1. Given Leu43, Leu64, which one is out of contact with any Gly (no Cβ under 8 Å at 6 or more places or on another chain) and either under 17 Å from Glu14 (Cα atoms) or at pLDDT below 95 (or both)?
2. It is to be established whether one or more residues within segment 5-13 are modelled with pLDDT under 95 and in contact with a Lys or Arg (Cβ under 7 Å, 6 or more places away or on another chain).
3. Being more than 11 Å from the chain's Cα centre (by Cα), assigned to a helix (DSSP H, G or I), surrounded by 15 or more Cβ atoms within 10 Å (Cβ to Cβ) and in contact (Cβ under 8 Å) with a residue 40 or more places away in the chain is true for just one of Thr92, Thr65, Thr15. Which residue is that?
4. What number of residues within segment 18-51 are in a loop (DSSP other than H, G, I, E, B) and surrounded by fewer than 20 Cβ atoms within 10 Å (Cβ to Cβ)?
5. Would you say Lys17 is modelled with pLDDT of 95 or more and in contact with a Gly (Cβ under 7 Å, 6 or more places away or on another chain)?
6. Taking the condition of being of a type in the set (A, V, I, L, M, F, W, C) and either touching a Phe, Trp or Tyr at 6+ places or on another chain (Cβ under 6 Å) or farther than 19 Å from Asp86 by Cβ (or both), how many residues in segment 23-39 meet it?
7. Of the conditions (1) surrounded by 12 or more Cβ atoms within 10 Å (Cβ to Cβ); (2) touching an Asp or Glu at 6+ places or on another chain (Cβ under 8 Å); (3) at pLDDT 95 or above, Gly2 satisfies every one except a single condition; which number is it?
8. So Ala60 clears everything in (1) over 12 Å from Leu22 (Cβ atoms); (2) touching a strand residue (DSSP E or B) at 6+ places or on another chain (Cβ under 6 Å); (3) not acidic (Asp, Glu) except one condition, right? Which one?
Amino acid sequence: MGKYIGLNQTNMEETIKEGVVLVDFWAPWCGPCRMLAPAIDQLAQEFEGKAKICKVNTEAEPDLTAKYEIRSIPTILYFKDGKIVDQTIGATTKAKIEEKLNNLI
């Protein structure tokens, strides 16, 4: 059963360098982030073996948040082979995220 990968300073670069990777930047106090969380969990299961589904807690990882210039949350960055190829800022739907992931695979 797929589960999202929690990212931090130590594992971020290694995790995003190959394949398709979704990174959800979130915080515990963010209402829209909490609403998106079940969809992220489902996507981790549905895309297991096809894409990595990851999360960065912006409160715990301020350096990563600054490095990727995250100004508002939720923000989802889509990586392909280590490069940012798309992003979604603000609340979104599971269907829209799925569409973006499928276009990258």
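1. Just one listed residue meets the conditions, Leu64.
2. Checking segment 5-13: at least one residue is modelled with pLDDT under 95 and in contact with a Lys or Arg (Cβ under 7 Å, 6 or more places away or on another chain).
3. Answer to the selection: Thr65.
4. Total satisfying the criteria: 10.
5. Criteria met by Lys17.
6. 6
7. (3)
8. (2)
The values are calculated or read from the model by the stated rules, or taken from the named source; none is laboratory data. Every value quoted in this text rests on a predicted model; they were computed, and no experiment measured them. Cβ atoms come from the backbone with ideal geometry, glycine included; neighbour counts cover every protein chain shown.
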